[in-house]
1. Hey, if you drop one equal point scatterer on each alpha-carbon of the range 61-187 and run the Debye formula without solvent, what base-10 log of I(q)/I(0) do you get at q = 0.09, 0.15 Å⁻¹?
2. In the range 157-259, what GluC sites (Glu not before Pro) fall in a loop by DSSP, with at most 12 other Cβ atoms inside 10 Å?
3. Quick check: pseudo-label points 7 Å beyond the Cα along Cα→Cβ at residue 250 and residue 84, how many nm apart are they?
4. Give me the compactness ratio for the range 152-253, meaning the Cα radius of gyration over 2.2 N^0.38 Å.
5. Take the chain, connect every pair of alpha-carbon atoms lying under 10 Å apart with a spring to form a Gaussian network, then pick out the residue of 120, 35, 245 with the largest mean-square fluctuation.
6. Would you list the P(r) distribution for the range 1-114, with all Cα-Cα distances sorted into 10 Å bins from 0 and each bin expressed as a whole %?
7. Where does the chain land at 222 nm, in deg cm²/dmol rounded to the nearest 500, when only DSSP H runs of n ≥ 4 count, each adding -39500 (n - 2.57), divided by all residues?
8. In straight Cα distance, which lysines are under 17 Å from residue 210, not counting same-chain residues fewer than 8 positions off?
Amino acid sequence: MAFEYILTDAQVAPYVALIRLNRPKELNALNLQLMGEIRDALKAFDEDPAVRAIVITGNERAFAAGADIKQMAGKSAIDMLQIDQFSTWDAIRKTRKPIIAAVSGFALGGGCELCMLCDMIVASETAQFGQPEINIGVMPGAGGTQRLTRAVGKALAMEMVLSGRFISAEEARAAGLINKVVPVELYLDEAVKLASRVAEKSPIAVQLAKESVLKAFDMPLQEALYFERKNFYMLFATEDQKEGMEAFIEKRKAEFKGR
Ligand code: DAK
């Protein structure tokens, strides 16, 4: 895969792929091409049986400082409608394999929203999360008012969205936005380690479990419980379920094949 604004590694660890946002001078501002490249790389990794989990990262200074303001500034409402960035963001959201964001420095606006599209977030102590769109006369447009509110609750989400205040990695962890905070030299390794732990499991079970957890945000409880139940039953059709349970009984490590 040849990309201009991202670097990819299909095997940063066994079964783990890496996408690195690579517009460092612009703090990884998310222009349309960069978002399209993330979408395309995720699609390729989603279809690759040698990949079971994906890590997305930026660099030490910035995960991403938001959508590219210079690219958006002159646009009209109709331009924005016709560009239809949502099809790209929706495609990213539909990735079936687990995605872990490894965040250092700024994760702002669309950068914070991109993190929140991921399934887990590992951050360095220097990470800062924010929705500062209000400072430039707009508001979050890619899930910031919804995913942030579900993650951290109304009080903090309102404060971040209305005042533009950034929160530290530690505050984000305490509020439930992210999974883990580690020293800056470790954030990528820790994210890859977490991805590797997930990648050791049955990939079909992981996929259906991810899908089921996400339903908690989309469906009323009773329907989501039925959805969960169907996925649970379905896993009894896999060889991995037989292998996992036999391995437990035989006191050995399971060898999952993704079948
Ligand atoms: N866009 C374009 N360029 C950016 C940028 C951004 N978001 N953030 C930083 N840069 C550029 C700066 O312009 C500067 O470029 P040069 O002047 O060197 O050419 C370079 O990166 C370094 O930035 P600074 O010089 O400003 O660095 P500082 O350390 O002084 O400040 C900062 C860092 C992160 C506090 C500051 O750069 C900043 O406030 N950046 C903007 C943050 C922001 O407002 N982000 C929200 C943008 S709006 C949607 C999807 C997504 C979105 C909307 C809709 N749909 C699916 C419809 C998302 C919207 C947004 O994210």
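The values are calculated or read from the model by the stated rules, or taken from the named source; none is laboratory data. Owing to the predicted nature of the structure, the values given are computational and were not obtained by experimental measurement. Glycine also receives a Cβ, built like all others from the backbone with ideal geometry; neighbour counts cover every protein chain displayed. To get the accessible areas, we keep the full protein, side chains included, count just its heavy atoms, and leave off ligands, DNA and RNA. Shrake-Rupley method; radii C 1.70, N 1.55, O 1.52, S 1.80 Å.
1. The Cα Debye sum returns log10 ratios of -0.24, -0.67.
2. On the way: sites: 159, 170, 171, 185, 190, 200, 211, 223, 228, 239, 243, 246, 250, 255; in loops: 200, 250, 255.
Answer in residue order: 250, 255.
3. Here the modelled spin labels are 5.1 nm apart.
4. Numbers: Rg = 18.7 Å, N = 102, 2.2 N^0.38 = 12.8 Å.
Taking N as the residue count of the range 152-253, the ratio is 1.46.
5. Sorting by GNM fluctuation, first place goes to 245.
6. Cα pair-distance distribution for the range 1-114, in percent: 15, 46, 32, 7, 1.
7. On the way: 12 runs with 118 residues, N = 259.
-13500 deg cm²/dmol, from helical runs alone.
8. Excluding near neighbours in sequence, the set is 43, 94, 97, 201, 230.
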